[in-house]
Amino acid sequence: MAITEIFKNPTVKQVIFQVRYPNLFYIENKIGDIQMRIMKEFPVSSLLFRRNVMIADIGPGAKVEDLPIPTDDNFNKKIWQFKSEKKVILSIQSDSLDITSSYHKTYNLGEGEKFRDVVKFVIDNFLEETKLPMFSRIGLRYIDECPIPSKDNDTFSSYYNTAFPLVRFDLKDAEEMDFKAKVHRDGHFLRYVESLKKKDDGYKLLLDFDGSSNNVESKNYLEVSDKLHEIISKEFKKSIKEPVLKYMRGEQ
């Protein structure tokens, strides 16, 4: 069963929605029109460059000067970035678009600000300008930072349905611990990562849920996003126990 309440103290620290598509050679000519459509919600804009690094095994006897000279187009990737007043970040590249938020507390619950509304606003306007028929990938990712009140097996097991092999590796002896799985869920994919990390003077459990679907008709993007959210929400609820729910409700 999925989560059905909005929490006073949510563990989610970041939510990311992403679509990928074939390299659009005309995207730079469309950015100005896209910007005008979204400017009311994303008033701050910037152009960034991501530099790629070339690693080459030139072999014995070869000379560095014999390597082809990389062009700026090959080594610099443009990122058009837009920010909202609440620091929601929209990044558009020639082959992908992503929306990152550390602000929203819910995807689609309640009457307040919902991450789903931001996704719909951005993608609807993007599609109006690009007319893309398909997305090669749609992804929805949640990163949660969860409490560990006492670093011992009994306390940890009372808070989480963990995938860690605690019978073999006692939590009190661990400096770090990681588990990763990629599985099929209802015709989609889910990548699940569970990590024990040192944070300040204590430890936190990081839960990373990355749902995705491939080759989606653009008209169905919101339906797929909703399904990915449902899958992730169910998996999150399976991962935690009542003490974590009380923590998020502000009851302890």
Scan region 18-29 and give yes if some residue there is over 25 Å from Y221 (Cβ atoms) and either modelled with pLDDT under 95 or within 20 Å of the chain's Cα centre (by Cα) (or both), otherwise no.
no
Just one of (1) out of contact with any strand residue (DSSP E or B) (no Cβ under 9 Å at 6 or more places or on another chain); (2) assigned to a loop (DSSP other than H, G, I, E, B) trips up K246, so point out which.
(2)
If I filter region 165-188 for residues that are farther than 26 Å from N108 by Cα and either of a type in the set (S, T, Y) or in contact (Cβ under 8 Å) with a residue 24 or more places away in the chain (or both), do I get at least one hit?
yes
If you go through region 79-106, how many residues are among the aliphatic types (A, V, I, L, M), touching a helix residue (DSSP H, G or I) at 6+ places or on another chain (Cβ under 7 Å) and either in a loop (DSSP other than H, G, I, E, B) or within 16 Å of Q14 (Cα to Cα) (or both)?
3
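Residue-wise test of (1) modelled with pLDDT of 95 or more; (2) charged (D, E, K, R); (3) surrounded by fewer than 17 Cβ atoms within 10 Å (Cβ to Cβ); (4) not assigned by TED's automatic domain parsing to the domain that holds T162.
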site	(1), (2), (3), (4)
L190	yes, no, no, no
G202	no, no, yes, no
L205	yes, no, no, no
F209	yes, no, no, no
K238	yes, yes, yes, no
L245	yes, no, yes, no
Between S136, S150, S158, which is surrounded by fewer than 18 Cβ atoms within 10 Å (Cβ to Cβ), farther than 27 Å from S101 by Cβ, in contact with an Asp or Glu (Cβ under 9 Å, 6 or more places away or on another chain) and not acidic (D, E)?
S158
Does E176 satisfy the condition of being surrounded by fewer than 18 Cβ atoms within 10 Å (Cβ to Cβ) and in the same structural domain as I240 (by TED's automatic domain parsing)?
yes
Residues (aromatic (F, W, Y), assigned to a helix (DSSP H, G or I) and more than 11 Å from R37 (Cα to Cα)) located in region 107-130
F115
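The values are calculated or read from the model by the stated rules, or taken from the named source; none is laboratory data. Quantities reported herein were computed from a predicted structural model and do not represent experimental measurements. Heads up, the Cβs are rebuilt from the backbone with ideal geometry, glycines too, and the neighbour counts pull from every protein chain shown.
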